[in-house]
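**Q** Structure in structure tokens, see below.
Readers should treat all values here as calculations from the given coordinates under stated rules, not as data from a laboratory. Note that this is a predicted model, so its numbers are computed, not measured. Glycine gets a Cβ as well: all are built from the backbone with ideal geometry, and neighbour counts include every protein chain shown.
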């Protein structure tokens, strides 16, 4: 009973200090949301990517057929596949806008160098993610391509996302620690 | 966790909830609408070939650079160098003023540290980094429209 009350108080304090009673500097503006939008675009890519994972077959002979099956036979498969194909354009647009804002406003300076470093690494990884993904969907059926396709699939599905998750963790930790901005 | 209330009057602050939360919800809805419109309007490449025939706008400079530089090793080295410079940008331009104020790091007073942090100017107030950024942006845009 005491534990239950303590847990409830802890949760209330946590919500109050982080959400309901939290105060932030005035004048962040709409462009300050670009980072959040980049995260949302990434989450959409992640969600649609998990869906595609169930149907895509990383085999040189069956890859194309699996994409066509997904687009034509799975309910809303075409929509999810197209969101996954169009999403990177919007995501990279958001990340670039976010970085240009940080660059021109000088927010990357001390003590926020690590924000920039982790963000720049995330942008490069996003470009790599797009590149590997585009090669997966545009794959040509040839004799020596099976190995390449499996390798690309593993890199696109696990290799890059794991590194991205690490950099994202670092980015968000640094944002929490040093804050998003100071009066400039 | 960063405390934004330190050294600020209540007039300089606003509540995170609902102000910032609502701002994020509105722009998130906007993003979803833009994405759905793009899904309807953007054509997917028809031919599935090894190299995508539709090069996306954000990879155009790299693609054109690849066509301009015939040597693969040089091209990859150049890309890695650009990536390293891009990542380490804050370390390259940061702290100059800090050291100018006092060449000996140990002698930097707390006052100078505070002044440096408060005096963080926008990029256009610093001519050399600003020039570098503008030249790089113009070069990248030029590369996008280069036909080889």
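**Q** Which one of A:132, A:20, A:48 has the biggest mean-square fluctuation once chain A is modelled by GNM with Cα springs under 10 Å?
**A** A:20
**Q** Mean separation of Cα pairs under 8 Å and 6+ residues apart, divided by the residue count of region A:31-178: what relative contact order is that in percent? Don't skip to the answer; put the middle values down first.
**A** Values: 118 pairs, mean separation 43.2, N = 148.
Value for region A:31-178: 29 percent.
**Q** Right, something else. For residue A:50 paired with residue B:124, estimate the spin-label separation in nm (one decimal), with each label point 7 Å from Cα along the Cα-to-Cβ line.
**A** Result: 4.3 nm between the two label points.
**Q** What's the Kirkwood radius of chain A in Å, using all Cα pairs?
**A** Details: mean 1/r = 0.0524 Å⁻¹.
Answer for chain A: a Kirkwood hydrodynamic radius of 19.1 Å.
**Q** Okay, next question. Residue by residue through B:124-133, how many Cβ atoms from other chains fall within 10 Å of the Cβ on average?
**A** 1
**Q** Shifting gears a bit: Can you tell me the convex hull volume per residue for region B:1-42, based on C-alpha atoms, in Å³ to the nearest whole number? Walk me through the intermediate numbers first.
**A** Numbers: hull volume 4.2 nm³, N = 42.
For region B:1-42, the hull spanned by Cα atoms encloses 101 Å³ per residue.
**Q** Just order A:54-66, B:21-33, A:90-102 by mean Cβ neighbour count inside 10 Å, highest at the front, would you? Numbers along the way, then the final one.
**A** Working: A:54-66: 15.7, B:21-33: 14.1, A:90-102: 19.6.
Descending mean neighbour count gives A:90-102, A:54-66, B:21-33.
**Q** Could I ask something else about it? With everything on Cα atoms, drop me the angle between helix A:2-15 and the longest principal axis of chain A, reported from 0 to 90° to the nearest 10.
**A** 80
**Q** Under the definition of partner shielding as Cβ atoms of other protein chains within 10 Å of a residue Cβ, what is the mean value for peptide A:102-112? Could the numbers behind the result be given before it?
**A** Numbers: counts 2, 8, 5, 5, 11, 3, 7, 10, 8, 1, 3.
Other-chain Cβ atoms within 10 Å of each residue's Cβ, averaged: 6.
**Q** Can you give me the Cα centroid spacing of region B:1-43 and region A:27-52 in angstrom?
**A** 11
**Q** Here's a follow-up. What average count of beta carbons from other chains do you get within 10 Å of the Cβ of residues in B:59-68? Kindly include the intermediate steps, with their values, before the conclusion.
**A** Working: counts 5, 0, 0, 2, 0, 0, 0, 0, 0, 0.
Mean number of neighbouring Cβ atoms from other chains: 1.
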